[in-house]
1. In whole Hz, what ³J(HN,Hα) sequence does region 182-189 give by Karplus (6.51, -1.76, 1.60; θ = phi - 60°), x for Gly and Pro?
2. Just to be sure I understand the model, the point goes 7 Å from the Cα along the line to the Cβ. What's the resulting Glu352 to Ser102 distance in nm?
3. Place a +1 charge on the Cβ of each Lys and Arg in region 330-411 and a -1 charge on the Cβ of each Asp and Glu, then give the dipole magnitude about the Cα centre in debye, rounded to the nearest 20.
4. If the chain were replaced by its equivalent ellipsoid, with semi-axes equal to the square roots of 5 times the Cα gyration tensor eigenvalues, what would those be, largest first, whole Å?
5. Taking the Cα centre of the chain as the origin, how large is its charge dipole in debye, to the nearest 20, when only Lys and Arg (+1) and Asp and Glu (-1) carry charge on their Cβ atoms?
6. Take Glu269, Glu399 and order them by how many other Cβ atoms sit within 10 Å, fewest up front.
7. Hey, fewest Cβ within 10 Å first, where do Met420, Met217 land in order?
8. Amide H neighbours of Leu32 under 5 Å, at least 5 residues apart or on other chains, H built in the peptide plane: list them.
Amino acid sequence: MRNFLSFILCVLFVFFLFSPLAASEIKEGECLSLLRCLEIAFKRNPSIVSAAANWRLSETKVGQAKSGYYPQLNWQTSLSRVGPYSERLKQYNEYATNLGLSQNIFDFYRTPLKVQIAKINTQSVFSDLEKVRTEVAFSVKQAFFNLLQAQKNRDVAEEAVKQFELHLKRAKGFYEAGTKPKIDVTKAEVDLYNARLNLIRAENTIRLTRIILNNAMGIPDAPCYSVSEEITIPKEPISFSEAISEAYKNRPDLNALLLKQEAVNKSIELAYRNHFPTITGNVSYGFGGNEFPLNRGWNVGANVNIPIFSGFLTKYQVEEAKFNSEVVTAQIENLKNEIRKEVEQAYSNLIEARQRINTAERGLQYAKENAELAKGRYNVGVGNYIEVTDALVALANAETNYISALVDFKQAEASLEKAMGRK
């Protein structure tokens, strides 16, 4: 009954997962936070769904290993047509049916070791699931902040269009009043159309980055939406030593290898125990004979299986398990080196992005002041339009540079979190 209910729940889950209702998790025009995107990805991303199914699959191995604790019941029935070697004897039928029960009595702890190995392997597969979740979270964060950057760049482009439209009107007014030459008007028109081209590109960038985020969340048919997140910069970043320590402790791929090493070490012990005998109890009851009514009988006994020589099979099984242990040990050391490299690179990028934020922020302040001065000079007839154009372009570049520095910091922060095993 329990297995049947589990099957029904799995069917309902798969139906919901691939039904159109699941795609309606996002409403048209909804504004998503990073946390909301991560929640959707953890539920819908196919890589996570597949890894979770693989973990559930590995749990069945534990049940298979535990089957060695239970008795084995078999029913056998046979019908044979016997033809005697002598022509004087007639052919006859031989009937047999037998119900047998066997129980493992003692196998020198082979079964408990198999159960332990299966449980450890299941934990290792769960760590693989956590690794996939960490990678998916990193992909979502990257796509999310790229979309956020695209939206902010679109806002900058829209503001630039408004500024150039305003200055085109002023240039036309000055020209009609005879205080400014015709070239100011034509230059303003060129600048306005260039700004509109930049806005078109910015809108397309939003569409492209949204496609990438949809794919990371596992909802390629999602309706149009926007994202919003306050970009905060921590005052005191985590120290490098703390980052390394947390990475060695929390990285799921490292934990998976450590569990695999534990399972391999127990496999050495399991292979070695193939040198020892096994004791099995047997009970059977059955009928047999060549005519009815059939004879009946029963027997109770025990079998002792003592391995004497198996062609050096056990010897090589032990050696295989030992070499597997050496391979996993080397993989662990190699992964630790890779983890340290990832943490060092992400930490360096984080420091560099943090420094760029301060520089970009100052550059933005000066660009705003310069733009105001240039517009003021032009409005009173002292400056020329080229100063205004240069100032507005510089302001737009400074704004995009500042946005880029903020997003680069969050990207570097996400890379460091992934390197440390955070989701």
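1. Couplings: 4, 4, 5, 5, 5, 5, 5, 5 Hz.
2. Output for this residue pair reads 6.6 nm.
3. Details: 10 positive and 12 negative charges, 26 e Å.
Dipole magnitude for region 330-411 comes out near 120 debye.
4. Details: eigenvalues 1159, 152, 45 Å².
The answer is 76, 28, 15 Å, longest axis first.
5. 860
6. Details: Glu269 15, Glu399 22.
So the residues, fewest neighbours to most, are Glu269, Glu399.
7. Working: Met420 24, Met217 27.
The most exposed by this proxy come first: Met420, Met217.
8. Answer set, sorted by chain and number: Ser226, Val227, Ser228.
No value in this document is a laboratory result; all are computed from the given coordinates. Keep in mind that what you see is a predicted model, and the values were worked out from it rather than measured. For neighbour counting, all protein chains shown are included, and Cβ atoms are generated from backbone atoms with ideal geometry for every residue, glycine included.
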